[in-house]
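The values are calculated or read from the model by the stated rules, or taken from the named source; none is laboratory data. In this text the structure is predicted, and so the values were computed from the model without any measurement. Quick reminder, even Gly has a Cβ in these numbers, built from the backbone with ideal geometry, and neighbours come from all protein chains shown.
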Amino acid sequence: MARRHDLVGLTVLALLTVHPSHPYELHRFIVSTHKDYITGLPRSLYHAVERLARDELIVPTGTDREGRRPERTVYEITEEGREELLSRLRQLLESPDPDRRAFVAAISLIGCLPRQEALRALRVRAATIEGTLAGMRAHMSAQTHSGLPAILMLEVELEHALNAAELGWIKDLIDRVDKGALDWAPDPPPM
C-alpha cells in the first residue's frame, strides 16, 4: 500500500486493531471522536475499506445485522495490515511534511505503536525539525545581512515559528511519554 497519505485507510487499520467492525460502525466512531483530518465521509471510508480488503490488509469475518437494518460485512485486520499500520505510523511520525494533517493523524493513532517505537519516531522527528530550524535561522541571518527588507522574509519567519512551536510540543510529548503520564498499552515482551 503505497498510499502514504491515505489517512482514511490508516485510520481504518488502526480502528480494526481494537476489534472487528463494519464500515458503518467505523464511520460512527470516526465522527464521534472528531477525527477531523478525515474528509469525504462516508464515501471515502467505503472506498478505503474496499482498497484495504483488495490488498488483503483486512478481511471479512462475517456479517452483522441490527434490527431491520441491512446486513453489514464485518472486517478484521490481517497480520500484513498490522505491519502496514505500524510502518506507516512510524513514517508519518518521523518525517515532517508540509501537509500537517498527516502528523495530526499519526498523533491521533500513536497508541497503536509500542511506546518505545513511538518515542524513537518522535525523537527522529524532533532532530529533523531542529536541523530545519538551524537552516532557517542561517538563511534568515544571511538575508538580513544582505539588506533584504524584513517584509520579504515574513513567510520564512512564520514557518520558523510553526516549526519551533511543533518542536516544543513534541519535546513536551516525549517527556510526558517518558514519565508515563499517558496511558499506553504495555509493550509486548521482546522476542
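A count restricted to the range 62-88 and to residues that are under 20 Å from Leu45 (Cβ atoms) and of a type in the set (Gly, Ala, Ser) stands at 2.
If you go through the range 72-102 one residue at a time, how many are touching an Asp or Glu at 6+ places or on another chain (Cβ under 7 Å) and of a type outside the set (A, V, I, L, M)? It would help to see each step written out before you state the result.
Here is the first cut: in the range 72-102, the ones touching an Asp or Glu at 6+ places or on another chain (Cβ under 7 Å) are 72, 74, 78, 80, 90.
Subset that is of a type outside the set (A, V, I, L, M): 72, 78, 80, 90.
Residues in the range 72-102 being touching an Asp or Glu at 6+ places or on another chain (Cβ under 7 Å) and of a type outside the set (A, V, I, L, M): 4 in total.
It is to be established whether one or more residues within the range 152-172 are surrounded by fewer than 11 Cβ atoms within 10 Å (Cβ to Cβ), at pLDDT below 90 and either on the phi > 0 side of the Ramachandran plot or not assigned by TED's automatic domain parsing to the domain that holds Arg100 (or both). Yes: the range 152-172 contains one or more residues that are surrounded by fewer than 11 Cβ atoms within 10 Å (Cβ to Cβ), at pLDDT below 90 and either on the phi > 0 side of the Ramachandran plot or not assigned by TED's automatic domain parsing to the domain that holds Arg100 (or both). None of Leu167, Leu152, Leu162, Leu158 is assigned to a helix (DSSP H, G or I), among the aliphatic types (A, V, I, L, M) and in contact (Cβ under 8 Å) with a residue 24 or more places away in the chain except Leu167.
Please list, ordered by residue number, the helices (runs of 4 or more DSSP H) wholly in the range 33-122 having 2 or more residues that are modelled with pLDDT of 90 or more and hydroxyl-bearing (Ser, Thr, Tyr).
Numbers: elements: 43-54, 79-94, 100-108.
Filter on the range 33-122 gives 43-54.
Among the residues of the range 110-153, those identified as β-branched (Val, Ile, Thr) and closer than 30 Å to Val18 by Cα are Ile110, Val124. Being part of a helix (DSSP H, G or I) and modelled with pLDDT of 90 or more: is that true of Val18 here? So Val18 does not fit the description; no.
Residues being among the charged types (D, E, K, R), outside the structural domain of Ile170 (by TED's automatic domain parsing) and over 20 Å from the mean Cα position of the chain (by Cα) are represented in the range 32-47 by at least one member.
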